1. Which ranges mark the strands (runs of 3 or more DSSP E) fully within region 9-124 that have 2 or more residues being among the hydroxyl-bearing types (Ser, Thr, Tyr), modelled with pLDDT of 90 or more and on the phi < 0 side of the Ramachandran plot?
2. Which condition number does residue 70 fail, the rest of (1) open to solvent by 10 Å² or more (accessible area, probe 1.4 Å); (2) closer than 21 Å to residue 8 by Cβ being met?
3. As an exercise: evaluate residue 55 against (1) open to solvent by 60 Å² or more (accessible area, probe 1.4 Å); (2) closer than 16 Å to residue 12 by Cα; (3) aromatic (Phe, Trp, Tyr); (4) in contact with a Pro (Cβ under 8 Å, 6 or more places away or on another chain) and give the number of the one condition it does not meet.
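The values are calculated or read from the model by the stated rules, or taken from the named source; none is laboratory data. Values in this document were obtained by computation on a predicted structure and should not be read as measured data. Note that each Cβ is placed from the backbone with ideal geometry, even for glycine, and that neighbours are counted across all protein chains shown. Note: areas computed on protein heavy atoms with side chains; ligands, DNA, RNA excluded. Shrake-Rupley method; radii C 1.70, N 1.55, O 1.52, S 1.80 Å.
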Amino acid sequence: PITVHAASLVAKVDVSSQTMTVILLEVIYLWPVSTARKGKYTPRGSYSPKSLPRYHKSSLYNNALVPYSIFFRGDLVAHGTNQTLRLGRPAFARCMRLPTSNAAVLFSLVKKHGFKNTHIVLQN
């Protein structure tokens, strides 16, 4: 289990409400996200980031650009999207998508606070 300290950066994703709450001592952001659509699954749990490619191209989806990627469990990733009409409801395969501008903010926060002090929590 990951121990969350008071100075930790926490990105808590509520799959039921399709929202991400970003916490750094207190709630600093609340954003809409999209997770897995019907027939797909976004794993639940608590994770630390593993890598931060700024301009990643998906090897699974025709080299689609996934900006501000935060990989945290194998190929599971939080990243930006310009397809904002579907945010706030399940719409994708496994990842969590958020507006590119919000993904950029989260990406910079993770870089600033480091992998060990960042926790991505996925819950219902």
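1. 19-24, 45-47
2. Residue 70 satisfies every listed condition except (1).
3. (2)
Rundown of residues vs (1) surrounded by 19 or more Cβ atoms within 10 Å (Cβ to Cβ); (2) over 11 Å from the mean Cα position of the chain (by Cα); (3) under 17 Å from residue 16 (Cβ atoms), yes/no style:
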{"residue": "82", "(1), (2), (3)": "no, yes, no"}
{"residue": "85", "(1), (2), (3)": "no, yes, no"}
{"residue": "88", "(1), (2), (3)": "no, yes, yes"}
{"residue": "91", "(1), (2), (3)": "yes, yes, yes"}
{"residue": "96", "(1), (2), (3)": "yes, no, yes"}
{"residue": "103", "(1), (2), (3)": "yes, no, no"}
{"residue": "107", "(1), (2), (3)": "yes, no, no"}
{"residue": "115", "(1), (2), (3)": "no, yes, no"}
{"residue": "121", "(1), (2), (3)": "no, no, yes"}
